[in-house]
1. Can you give me the C-alpha center-to-center distance between the range 24-85 and the range 115-154, rounded to a whole angstrom?
2. So what is the relative contact order for the range 31-154, in percent, with contacts set as C-alpha pairs under 8 Å and at least six apart?
3. Considering only the other residues whose Cβ falls under 14 Å of the Cβ of Asn125, what net charge follows from Lys and Arg at +1 and Asp and Glu at -1?
4. Between Ser87 and Glu127, what is the label-point separation in nm under the 7 Å Cα-to-beta-carbon projection?
5. Expressed as a whole percentage, what fraction of the accessible surface of the chain belongs to carbon and sulfur atoms when a 1.4 Å probe is rolled over the protein heavy atoms?
6. Restricting to DSSP loop positions (anything but H, G, I, E, B) with no more than 12 other Cβ atoms inside 10 Å of their own Cβ, which chymotrypsin sites (Phe, Trp or Tyr not before Pro) remain in the range 58-125?
7. Would you mind classifying the chain by shape? Square roots of the alpha carbon gyration tensor eigenvalues, ordered a ≥ b ≥ c; an a/c under 1.5 is rounded, otherwise it is prolate if a/b is larger than b/c and oblate if not.
8. Starting from the 7 Å offset along Cα-to-Cβ, what nm value, one decimal, do you get for the label separation of Lys117 and His98?
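The values are calculated or read from the model by the stated rules, or taken from the named source; none is laboratory data. Because the structure is a prediction, the values reported are computed rather than measured. Positions of Cβ are backbone-derived with ideal geometry, glycine not excepted, and every protein chain shown enters the neighbour counts. Side chains are part of the model used for accessible areas, which takes the heavy atoms of the whole protein and leaves out ligands, DNA and RNA. Shrake-Rupley method; radii C 1.70, N 1.55, O 1.52, S 1.80 Å.
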Amino acid sequence: MKLAIGNDHVAVDMKNEIMQYLKEKGHEVINVGTDTPDRFNYPVSGYKVAKLVAEGKVDGGVLICGTGVGISLAANKVHGIRACVCSDPYTAKLSKQHNNTNIIAFGARVIGVELAKMIVDEWLNAEFEGGRHSERVAMINEIDATQHLKAAEE
Ligand code: RB5
């Protein structure tokens, strides 16, 4: 797969380890995060990865900041993005199977690198199940596109 990865200054080491891990697994990885410990505002790399994903230039994105929260919030503001911050492989897997997430995020201050690898593996190996989940994801996309949800009027 072709993936984009982004991070802030507290997640440089973890970004490098995850990037290396993904490359060893045969993925192509575009790094748009910072590579120095100088203070770096996470919305910048959250936005860059989100744009690449939303425009179909990559198949998915990985975002890492201290908690994974800020960087995923920034990504989720881009139309078409469903970014999930998680600290466990089960949530990562289900976020793809049920919610069709296109970006996975986690916190370098929250989890260790081995757990991060497991999270990325589960997320990449999972597939959206469609079916009843499609209707719900369509509702999320409707809110995203229109700032409105018809089903909430019923
Ligand atoms: C940086 O100090 C920290 O706020 C950032 O890495 C992230 O945790 C924000 O959500």
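1. Result: 18 Å between the Cα centres.
2. Computed over the range 31-154, the figure is 22 percent.
3. -1
4. Roughly 3.2 nm, to one decimal.
5. Ligands and nucleic acids excluded, carbon and sulfur give 50 percent.
6. On the way: sites: Tyr90, Phe106, Trp123; in loops: none.
When the chymotrypsin sites (Phe, Trp or Tyr not before Pro) of the range 58-125 are filtered for loop state and at most 12 Cβ neighbours within 10 Å, nothing remains.
7. Numbers: a/c = 1.90, a/b = 1.51, b/c = 1.26.
Prolate, since a/c reaches 1.5 and a/b exceeds b/c.
8. 2.8 nm
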